[in-house]
Amino acid sequence: MIATGEGWELTDQEFSDLVDFVAVSMQQSFPEPVAVEVLGLNGVTDLGEPGLEYITPLQWDLIRALGLVSDDQASLDEVNELRRQRVRGTCCLAAEEGLTVQVEDAGSEELTKLVIVHELVHALLTQSPPQGIVPNEAFDEPVDVVTAAAEGVPQWVALRYHASLPAAEQDDMADELPIIRDVDLESGIPYAAVELLTFGYTRGPVLVDRVGAAGVSRPYDQVVDRFPETSEQVLFADAYLAEELPEAIPIPVVPGGVAAEASGRLGSSFLMMLAKTVVDEEAALALVRSWAGDSYVQWADGDQACTAIDVLMDDATSAAAMSDVLQTWAAVLPDTTVEVSGAGISIRS
C-alpha cells in the first residue's frame, strides 16, 4: 500500500498499472519513476493560491456585455471559488528522487485513480517535453486556447481510462466527473463561465480524437507539439490540421472620450456561445464554421459593461444565416444591435 483514501487504499501494483496505462496510451515510457501522494479532501485546493482568478474581471465584463450572465446568477467571486474547490490534482512536485503528483481523495477509489492518470500524463510531458509551439495568435482570444493542448491531452487519456472501466463504475462517478456540473448550472453558474472554465478539458479531448480520425497516427503528440492557434482550430480539426488563420479585422472604434479596457479577437467559441442562446450546439457549430475572423473592444459606461464586435464570415450567405440567429439573441437585450452588410456583421451591446 502506498496511499489511502476514505474507505480505500492504493497498492504499489495498482499505481504501477496506472503508470502502465498512461505509457501505453501515449506510446511512450516514463524516463524516470514518478511517485504519487494522496492528500485528504480539499488537500490540493489548500495547496493553491486562495485568490487565484480562473476568470478575470475583464472576461466577466465581456460576458456581462453580451448578456451571458444575469444579476440573479452567481457572482465572479463565487464562480472562481467553485473552480478553486474543484481542483483535484497537481503536477509536479520535484525532488532529487524524481517527480511526485499530488491528488486529493476525490471521494472514491476509481475517481481518484482517474485524477492520478490525468496528472501522470502531465508528469510524462514534464519528463519528456514536447515541442509545445505556442503561436502568438493563441493569446488573442478571451478563451484559453492553449489549454486545449495543455489540459486536453491529459484529459483525453483520463477519459480513455474512464471508458476502460466496467459500466457500473463509470456510472458511479458520472455525476462527479465534470469540473462544472449540471447542479452548478441549476444553482446559478452561467453557461458562459462554464465554457471559459472548462474549454480545454472538454474541447481538447475531442480535438485529439478528431485529429486521430483524420489519419494522424499519434494525435496527442501532434496537439502538444503544435498547440491550436484559435478556438476555431480547437472546434474544427480540419481547420487545425490546415493551420487556418482568420482574416485581420480592424478593432472597432470606442465612443469618443471613453478608454478601452480590452480588445482582441473574440473567436469562434464566443460566437458559438451567442448562437447557442438561440439554437442547439450542432446548429451553432455549423454556423460558426463559416467564421473568417473578427475583432472586439470593450469598455465601461458607468457600471455597465459594453462591447463592439465586427465579425467577418466566409460569404454573404453565411453572414445572413448567422445574423438571423444573432438578431434573435439581441432582441431580448437592452441597447444591443446586430447589423449585416455583405459578409460582415457588426454587433454592439
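Suppose the filter is charged (D, E, K, R), open to solvent by less than 70 Å² (accessible area, probe 1.4 Å) and outside any helix (DSSP H, G or I); does residue 169 pass it? In short, no.
Report whether or not residue 147 is surrounded by fewer than 23 Cβ atoms within 10 Å (Cβ to Cβ) and in contact with a helix residue (DSSP H, G or I) (Cβ under 6 Å, 6 or more places away or on another chain). For residue 147, the condition - surrounded by fewer than 23 Cβ atoms within 10 Å (Cβ to Cβ) and in contact with a helix residue (DSSP H, G or I) (Cβ under 6 Å, 6 or more places away or on another chain) - is met. When the residues of the stretch 253-273 are filtered to those that are part of a loop (DSSP other than H, G, I, E, B) and touching a residue at least 60 places away in the same chain (Cβ under 8 Å), the one that is surrounded by the fewest Cβ atoms within 10 Å (Cβ to Cβ) is 261. The residues in the stretch 292-338 that are assigned to a loop (DSSP other than H, G, I, E, B) and either among the small types (Gly, Ala, Ser) or open to solvent by less than 30 Å² (accessible area, probe 1.4 Å) (or both) can be counted, and the count is 2. Checked against the criteria, residue 35 does not count as among the aliphatic types (A, V, I, L, M), within 30 Å of residue 308 (Cα to Cα) and surrounded by 17 or more Cβ atoms within 10 Å (Cβ to Cβ). Meeting the requirement of 1 or more residues that are within 28 Å of residue 336 (Cβ to Cβ), the helices (runs of 4 or more DSSP H) wholly within the stretch 15-93 are 57-65, 76-85. Within the stretch 181-234, take every residue that is of a type in the set (Lys, Arg) and within 15 Å of the chain's Cα centre (by Cα) and give me the one that is surrounded by the most Cβ atoms within 10 Å (Cβ to Cβ). If we take residues in the stretch 181-234 being of a type in the set (Lys, Arg) and within 15 Å of the chain's Cα centre (by Cα), then 203 is surrounded by the most Cβ atoms within 10 Å (Cβ to Cβ).
For every residue, the table says whether it meets (1) more than 20 Å from residue 262 (Cα to Cα); (2) of a type in the set (Ser, Thr, Tyr); (3) touching a Phe, Trp or Tyr at 6+ places or on another chain (Cβ under 8 Å).
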residue	(1), (2), (3)
290	yes, yes, no
293	no, no, no
299	no, no, no
303	no, no, no
320	yes, no, no
323	yes, yes, no
340	yes, no, no
347	no, no, no
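The values are calculated or read from the model by the stated rules, or taken from the named source; none is laboratory data. Because the structure is predicted, anything quoted here is derived from the model rather than measured. Reconstructed Cβ throughout: ideal geometry from the backbone, glycine too, with neighbour counts over all protein chains shown. Please note that ligands, DNA and RNA were not included when accessible areas were found on the heavy atoms of the full protein model with its side chains. Shrake-Rupley method; radii C 1.70, N 1.55, O 1.52, S 1.80 Å.
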